[in-house]
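These notes are about the structure you will find just below.
No lab work stands behind these numbers, since they all come straight from the coordinates. These figures come from a predicted structure and were not determined experimentally. Every residue, glycine among them, receives a Cβ derived from its backbone with ideal geometry; neighbour counts consider all protein chains shown.
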């Protein structure tokens, strides 16, 4: 007599595996773009003279140099956290979740700063960054 109860998880179909592979590839691509952007932006905030940063972004003129440099360090650290799963998925996944949450918060705040300052170009950049970071946060929260 055949059992009507499932004895375990069923194997994913080839189509489901292919979709999962494409999803994983898209998330890793987004993670790479996010990391490259924030490593470059953070490095610039750490190393560039304040005059250059003010000319490029405007808002550094309204805050202390320490805040700008600290923000740069934060961006680099969070960007490295986005890449942490490359070393170890077991440990790196939790670092990725913290880093992407931090970046979403940072991007949202900076979107407000740029929109309030009527710097539409940088506000759009932050919208694009949110469009890359939120899918990573939501897509990687499922283990």
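Using only helices, what value at 222 nm comes out for the chain when you add -39,500 (n - 2.57) per DSSP H run of length 4 or more and divide by the total residues, to the nearest 500 deg cm²/dmol?
Value at 222 nm, helices only: -26500 deg cm²/dmol.
For mean projected area of the Cα convex hull in nm², the listed values are (i) 8.1; (ii) 8.7; (iii) 11.4; which was obtained by calculation from the structure presented?
Answer label, from the structure shown: (iii).
Looking only at 98, 54, 125, which one moves most when the chain is put into a Gaussian network model with springs between Cα atoms under 10 Å?
Most flexible of the set in this elastic network: 54.
How much length, in nm to one decimal, is gained on full extension between residue 13 and residue 44, taken as 0.36 nm per residue of separation minus their Cα-Cα distance?
So the chain would gain 6.5 nm between residue 13 and residue 44.
Would you mind checking the radius of gyration and Dmax of the stretch 21-88 based on alpha-carbon positions, in Å?
Taking only Cα atoms of the stretch 21-88, I get Rg and Dmax of 14.5, 46 Å.
Give, as ranges by residue number, the residues of the stretch 35-65 whose backbone N falls under 17 Å from the point 7 Å along Cα→Cβ of residue 87.
35-36, 39
So how do 51, 119 line up by other beta-carbon neighbours within 10 Å, fewest first?
51, 119
Would you list 57, 97 from fewest to most Cβ contacts within 10 Å?
Sorted ascending by nearby Cβ count, the order is 97, 57.
Kindly put 136, 91, 82 in sequence by how many other C-beta atoms sit within 10 Å of each C-beta, fewest to most. Kindly include the intermediate steps, with their values, before the conclusion.
Working: 136 24, 91 11, 82 28.
Ranked by crowding around the Cβ, least crowded first: 91, 136, 82.
Against the longest principal axis of the chain, how steep is helix 14-47, in degrees 0 to 90 to the nearest 10, with axes from Cα atoms?
20
How much length, in nm to one decimal, is gained on full extension between residue 56 and residue 105, taken as 0.36 nm per residue of separation minus their Cα-Cα distance?
So the extension gain works out to 15.4 nm.
Explain nothing, just the number: relative contact order of the chain, from Cα pairs under 8 Å at least 6 residues apart, as a whole percent.
23
Say we join alpha carbon atoms closer than 10 Å with springs in a Gaussian network model of the chain; which of 61, 84, 123 then has the biggest fluctuation?
Checking each option, the largest mean-square fluctuation is seen for 61.
Pull out the extension gain between residue 77 and residue 64, defined as 0.36 nm times the separation in residues minus the alpha carbon to alpha carbon distance; nm, one decimal.
2.6 nm
With a 10 Å cut-off between alpha carbons and a GNM built on the chain, which of 129, 111, 86 moves the most?
In the Gaussian network model the winner is 86.
With angles folded into 0 to 90 degrees, how steeply does helix 120-140 sit against the dominant principal axis of the chain? Use alpha carbons for both and round to 10.
For 120-140 against the chain, the angle is about 30 degrees.
With axes computed from alpha carbons, what is the tilt in degrees of helix 89-116 against the longest principal axis of the chain, rounded to the nearest 10 within 0 to 90?
The helix 89-116 is inclined about 40 degrees to the chain.
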